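Chemist: This is the structure, below, for whatever I ask next.
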Number of protein chains: 2
Amino acid sequence: MTPKNQKAKAVSKVCCGTARDIPLSERDADELAAVFTALSDPVRLRLLSIISSAPEGEVCACDLVTPIGKSQPTVSHHLKILFEAGLVDREKRGVWVWYRAVPERMSAVASRLR
Amino acid sequence: MTPKNQKAKAVSKVCCGTARDIPLSERDADELAAVFTALSDPVRLRLLSIISSAPEGEVCACDLVTPIGKSQPTVSHHLKILFEAGLVDREKRGVWVWYRAVPERMSAVASRLR
DNA sequence: AGTAGATATTGACAACTATCGATATTCTAA
DNA sequence: TTAGAATATCGATAGTTGTCAATATCTACT
């Protein structure tokens with residue numbers, strides 16, 4: 001356990017202290033990890049960057065396939081993951097689906113990194 | 001492409017505008033995604049939470065195995081991933097390895113979420 | 001109704017990852 | 001130098017994930 005008497009970074013012979021409990025609960029860790037998993041793919045990050053920077057605040061899904069350079073099912077799959085993570089919102093209008101960023105969600109996640 | 005003339009959110013028959021280029025480059029997306037991948041595991045998040053909240057600013061690896069409840073090789077593996085992502089720093093002192101958080105790295109990542 | 005276009009779902013496959021037991025490496029102390 | 005302890009690496013395995021082709025679903029228009 002915790003090496004004690006680490007004065008001036010000297011090496012002590014005593015090791016390993018009492019186990020404190022973990023600040024982040026298992027449940028919270030699972031939830032947070034889920035969001036980071038949604039952010040852990042370069043294609044999704046690029047999708048997010050397009051959606052977040054849209055001048056009109058929203059982007060049609062049809063405008064995402066070509067620039068991203070992946071198949072339509074793949075883009076649809078990634079958008080679903082971003083949506084389920086709460087990072088984007090969507091609205092169906094006619095045949096098209098419009099995506100918008102959820103900045104509160106992003107800042108909430110960002111704040112968990114201190 | 002982009003449906004035009006979306007007055008009052010009406011559905012237009014014109015779709016899909018010109019492809020703008022993507023704000024986030026492929027290279028930047030890859031790098032960012034790598035950090036989020038490091039953050040996408042609950043065990044690593046809990047390790048980070050322990051290390052970040054250490055009163056002395058550092059934690060001995062030997063103090064992480066028992067609370068986390070995983071095998072020593074597994075904890076070592078996760079610590080390596082956190083280290084390689086730049087999220088923690090480490091220093092070997094004698095037989096022990098001491099880990100500390102890298103808050104600048106965390107805020108740098110956090111700021112990429114706006 | 002019937003057609004055409006946009007998006008979602010399914011199924012399959014390759015690549016990656018978390019995990020552990022066993023083992024190797026590194027360091028201290030006797 | 002030998003023993004013992006802390007950490008890292010290796011090898012194997014089960015589970016997850018990104019990708020696409022094929023297909024289904026939904027909507028608008030004729």
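Chemist: Test residue A:18 against the stated conditions and say whether it is among the β-branched types (Val, Ile, Thr), out of contact with any strand residue (DSSP E or B) (no Cβ under 6 Å at 6 or more places or on another chain), loosely packed, with under 14 Cβ neighbours inside 10 Å and modelled with pLDDT of 95 or more.
Modeler: Answer is no for this residue.
Chemist: For the stretch B:53-63, what are the residues that are under 21 Å from the mean Cα position of the chain (by Cα) and either at the interface with another protein chain (Cβ under 7 Å from one of its Cβ atoms) or of a type in the set (Val, Ile, Thr) (or both)?
Modeler: B:53, B:59
Chemist: Return the residues of the stretch A:100-111 that are open to solvent by 50 Å² or more (accessible area, probe 1.4 Å) and either facing chain B (nearest Cβ under 8 Å) or under 14 Å from residue A:41 (Cα atoms) (or both); say none if nothing qualifies.
Modeler: A:103, A:107, A:111, listed by residue number.
Chemist: While we're on this one: Check A:69, A:86 and return the single one that is more than 13 Å from DNA strand C (Cβ to nearest atom) and closer than 18 Å to residue B:33 by Cβ.
Modeler: None of the other options fit; the residue is A:69.
Chemist: Determine which member of the set B:59, B:75 is among the aliphatic types (A, V, I, L, M), touching a helix residue (DSSP H, G or I) at 6+ places or on another chain (Cβ under 6 Å), within 10 Å of DNA strand C (Cβ to nearest atom) and closer than 15 Å to residue A:22 by Cα.
Modeler: B:75 is the lone residue from the list that is among the aliphatic types (A, V, I, L, M), touching a helix residue (DSSP H, G or I) at 6+ places or on another chain (Cβ under 6 Å), within 10 Å of DNA strand C (Cβ to nearest atom) and closer than 15 Å to residue A:22 by Cα.
Chemist: Hey, among A:37, A:66, which residue is within 27 Å of residue B:81 (Cα to Cα) and facing chain B (nearest Cβ under 8 Å)?
Modeler: Step by step, each of A:37, A:66 is checked, and only A:37 is within 27 Å of residue B:81 (Cα to Cα) and facing chain B (nearest Cβ under 8 Å).
Chemist: I would also like to ask the following. Answer yes or no as to whether residue A:93 is modelled with pLDDT of 95 or more and either among the small types (Gly, Ala, Ser) or open to solvent by less than 50 Å² (accessible area, probe 1.4 Å) (or both).
Modeler: When the stated conditions are applied, residue A:93 passes them.
Chemist: Out of (1) more than 25 Å from residue A:111 (Cβ to Cβ); (2) open to solvent by less than 60 Å² (accessible area, probe 1.4 Å); (3) within 13 Å of DNA strand C (Cβ to nearest atom), what's the single condition that is false for residue B:25?
Modeler: If we test residue B:25 against (1) more than 25 Å from residue A:111 (Cβ to Cβ); (2) open to solvent by less than 60 Å² (accessible area, probe 1.4 Å); (3) within 13 Å of DNA strand C (Cβ to nearest atom), just (3) comes out false.
Chemist: Can I ask one more? Here's a check for you: in the stretch B:65-90, which residue that is crowded, with 18+ Cβ neighbours inside 10 Å and in contact with a strand residue (DSSP E or B) (Cβ under 8 Å, 6 or more places away or on another chain) is farthest from residue A:114 (Cα to Cα)?
Modeler: It comes out as B:79.
Chemist: If you go through the stretch A:81-99 one residue at a time, do you hit one that is at the interface with chain B (Cβ under 8 Å from one of its Cβ atoms) and more than 10 Å from DNA strand D (Cβ to nearest atom)?
Modeler: No: zero hits.
Chemist: While we're looking at this one, here's another question. Among the residues of the stretch B:100-112, is any within 11 Å of DNA strand D (Cβ to nearest atom) and assigned to a helix (DSSP H, G or I)?
Modeler: No: the stretch B:100-112 contains no residue that is within 11 Å of DNA strand D (Cβ to nearest atom) and assigned to a helix (DSSP H, G or I).
The values are calculated or read from the model by the stated rules, or taken from the named source; none is laboratory data. Just so it is clear, the structure is predicted and the values come from calculations on it, not from any experiment. Heads up, the Cβs are rebuilt from the backbone with ideal geometry, glycines too, and the neighbour counts pull from every protein chain shown. What goes into the accessible areas is simple: the full protein's heavy atoms, side chains included, and nothing from ligands, DNA or RNA. Shrake-Rupley method; radii C 1.70, N 1.55, O 1.52, S 1.80 Å.
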